[in-house]
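Only one structure is covered here, and it is reproduced in the block below.
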Amino acid sequence: MALLRTLVPALFLLASPAFGGDAANPPADGLAEILGSGLLAETRNPVVANFLVEEGSPLLTEAERAQALDQLRSALRRQTNIITLAMQGMGGLMASDSMQSAMTAAKGMLGPKALLGGLTGVLPVVPTLQPGQMERDMKQALTGPWVRGIAAAQALDKLGDGQAAARFYVNCLQVLQADWLPGACLGGIAGLGPERAEKLLVWMLDNADSISITNQAGMLGESEEKRAKDTPLDPGAVQLRNAALEGLGALVGSGGLDTESRQRAFGRVLAYASGKGNEPYRLGAAQGLGRAADARGIEPLRKLAKTRGEPLTKQAALRALAIAFHDQAAIKQLRGELDDRDPEEQIRAAQALYEAGDEAAFKWAVEVIGHRRVMEAKLPDIRPRVVRDLVELGGERARKALEQALAEGPPNDWLTAWVRVGLLELGDTSQLPAIEAALAKVDWSLDPRGFRSVWRALKPLIMAVVGTVVSGGLGLAAPSTFEQAKRAVQLVGNLVTGERSRFLAKAGQREAAIAELHWQTADALAIGRPAGAARILEGMLVNPEPAVRLSAALALVRLDQAESISGIAKAFALDYGTEAGIPHTPEVRASLLRAARLRFAGDPRTRQIFAAGAKDQDAAVRFIALSGQRKAA
């Protein structure tokens, strides 16, 4: 109903002859209509709030600005409300393919024919779901609405409501199971600034039991003593404390805290590294001590590295010792785990050794990619992940390892193309002709093992919270227009990540292989910036898969080349799919408007984009387009 209330007045407005006049001074009644109808208070598009607080404010009169801000605060609070987000998530779950199949099957089994068949011994055929498909659909449906929530929380903080933003991040850390989103929430906490971030993280640490939304015993008013004896440990409280410990350690290591605050924060992390009752929080303590990089953490980390029955804690402690302190005993142990039977253990050990600069890991990676290390056929194929870890690591060693793997010849043509894309991302533009040919290929030779499983199972090498905390948020006192444009499409980046995950959860092996290669090429073109990159990205915009189109649109904004405006103009007119019945297109178009204005303000194609935006069905897109056509006061 909320969406209908938004669209009906918007469509009425489009049917009116209100759009026209001089592009530099668009008719005032366009904005007046949006503000007067209260459409911004109903928007689900958080991009408009970021536009207003970052570059749009000087384009409005004082009265317009006050009216817009008042409406947007209401919209943003609703977008970060946990009840609203939960209802949207449940709506997405009910609309998922697996749930629809289950409901159809249940309905069929209760029909007259099924009942009659049951009497005669003929049972109806029930569709079989892929193993874990329902669980994957549930996780994705519950995650999707929070992607917009992250952008909304950032905007709320900029509008002066840091408390609402903080409340959202705390809920986010408890609810979400996707690996990348909790990291993004920790990054949002870091974006509050060192002082506020420390206070919030300490509050989370000290009050996790009482603020946990999954703590049923706490909601019933039971005491902590009784809960400890009679009820299992609350997962929300555990997740909050572990996140708080990692965040505090990152703040200590960032250098953003004063001496007293740094000592206080480190002491809290250290206190959870040992002691009876702290076992559930050892993972967070190990991660926090590693982030802090304080020598007082070495001995506690060595003890945590010997933890039995907690492989994640052990691995986090080993990683911290190897990377932060170059501890030789830890490095030796990690080298041994490169031969572990569990591919996840191998990957985690290699990731730590890469960052520690250990040559053994790079040699291992070349052997794995080239299939000179024999892997069991029943285990997941980790080679694509190994390639991506080297690319994300970057640097001369990673590039040389990939060059050697390519020279020795990966065992199938898809993996060869995958390595080439990685080398392009690392700056080797000579790979472009072969990659272009690969983009047109569909008959890939693939190994029997499913490579997709490893993508869902393992965290990426680079955690979002690291870059955010170390740089103190964006850390740019006076960012260039190019940097501002990249910030403007941050939400699109989150949508891309979610859409890719959703696609991989249901795609077959060959479909996934083709899509992966296309969207990773889009990323590589934006980073490697070879001549002709904009032309190739424009070609990707016609791809039928929304995840690829989203990736291409995002890459065009991130591509630091003048030719990208042509692709941005084409990207603006496209559709980017829906999730749980909510379209992605308004957020993408709003972000493209901002990027085009920041980077190509005087280009005729930018004026064309804004003219189209002024007639868009989405009120937030129209608001950005109409106000963006004005000259700053």
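The values are calculated or read from the model by the stated rules, or taken from the named source; none is laboratory data. Remember, predicted model here, so these are calculated numbers, not experimental data. Cβ sites come from the backbone with ideal geometry, for glycine too, and all protein chains shown count toward neighbours. Calculation scope for accessible area: heavy atoms of the full protein, side chains included, ligands and nucleic acids excluded. Shrake-Rupley method; radii C 1.70, N 1.55, O 1.52, S 1.80 Å.
Just need a number here: residues in the stretch 584-627 that are of a type in the set (A, V, I, L, M, F, W, C) and either farther than 20 Å from Ala41 by Cα or part of a loop (DSSP other than H, G, I, E, B) (or both).
Residues meeting the conditions: 12.
Is it the case that Gly267 is at pLDDT 95 or above and either buried (at least 20 other Cβ atoms within 10 Å of the Cβ) or closer than 16 Å to Arg296 by Cβ (or both)?
yes
Output the number of the condition that Leu474 fails; it satisfies all remaining conditions of (1) modelled with pLDDT of 85 or more; (2) within 25 Å of the chain's Cα centre (by Cα).
Single failed check for Leu474: (1).
Determine which member of the set Leu200, Leu142 is open to solvent by 10 Å² or more (accessible area, probe 1.4 Å) and at pLDDT below 85.
Answer to the check: Leu142.
For Arg296, are the conditions met, namely being crowded, with 21+ Cβ neighbours inside 10 Å and among the charged types (D, E, K, R)?
Judged against the criteria, Arg296 is not a match.
If I filter the stretch 411-434 for residues that are surrounded by 21 or more Cβ atoms within 10 Å (Cβ to Cβ), at pLDDT below 90 and assigned to a loop (DSSP other than H, G, I, E, B), do I get at least one hit?
no
Among the residues of the stretch 575-589 satisfying the criterion of being under 19 Å from the mean Cα position of the chain (by Cα) and among the small types (Gly, Ala, Ser), which is least open to solvent (accessible area, probe 1.4 Å)?
Looking at residues that are under 19 Å from the mean Cα position of the chain (by Cα) and among the small types (Gly, Ala, Ser), I get Gly577.
Select from the stretch 363-390 the residues that are in a helix (DSSP H, G or I) and open to solvent by 10 Å² or more (accessible area, probe 1.4 Å) and write down the one among them that is farthest from Arg510 (Cα to Cα).
Looking at the filtered set, the residue picked out is Lys363.
Just one of (1) of a type outside the set (A, V, I, L, M); (2) over 20 Å from Pro544 (Cα atoms); (3) under 14 Å from the mean Cα position of the chain (by Cα); (4) modelled with pLDDT of 70 or more trips up Lys459, so point out which.
(4)
Test Asp560 against the stated conditions and say whether it is under 18 Å from Glu483 (Cα atoms), among the acidic types (Asp, Glu) and not in a loop (DSSP other than H, G, I, E, B).
no
Per-residue answers, yes or no, for (1) in a loop (DSSP other than H, G, I, E, B); (2) touching a residue at least 24 places away in the same chain (Cβ under 8 Å); (3) surrounded by fewer than 23 Cβ atoms within 10 Å (Cβ to Cβ):
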residue: Lys314; (1), (2), (3): no, no, yes
residue: Ala330; (1), (2), (3): no, yes, no
residue: Glu355; (1), (2), (3): no, yes, yes
residue: Ala405; (1), (2), (3): no, yes, no
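Looking at this structure, is Ala555 open to solvent by less than 10 Å² (accessible area, probe 1.4 Å), in a helix (DSSP H, G or I) and within 26 Å of Gln154 (Cα to Cα)?
yes
So Ser566 passes all but one of these: (1) of a type in the set (Ser, Thr, Tyr); (2) open to solvent by 10 Å² or more (accessible area, probe 1.4 Å); (3) within 18 Å of Pro46 (Cα to Cα). Which condition number does it fail?
(3)
Mind checking whether some residue in the stretch 83-104 is of a type in the set (D, E, K, R), surrounded by 14 or more Cβ atoms within 10 Å (Cβ to Cβ) and at pLDDT below 80?
Among the residues of the stretch 83-104, not one is of a type in the set (D, E, K, R), surrounded by 14 or more Cβ atoms within 10 Å (Cβ to Cβ) and at pLDDT below 80, which makes the answer no.
Need the failing condition index for Arg630 against (1) surrounded by 17 or more Cβ atoms within 10 Å (Cβ to Cβ); (2) part of a helix (DSSP H, G or I), just the number.
Of (1) surrounded by 17 or more Cβ atoms within 10 Å (Cβ to Cβ); (2) part of a helix (DSSP H, G or I), only one is false for Arg630: (2).
Only residues that are surrounded by fewer than 20 Cβ atoms within 10 Å (Cβ to Cβ) and farther than 18 Å from Pro384 by Cβ: list them for the stretch 504-526, please.
Result: Lys506, single match.
Just the residues that are among the charged types (D, E, K, R) and closer than 11 Å to Lys570 by Cα, please, taken from the stretch 537-548.
Once the filter is applied, which keeps residues that are among the charged types (D, E, K, R) and closer than 11 Å to Lys570 by Cα, the stretch 537-548 yields only Glu538.
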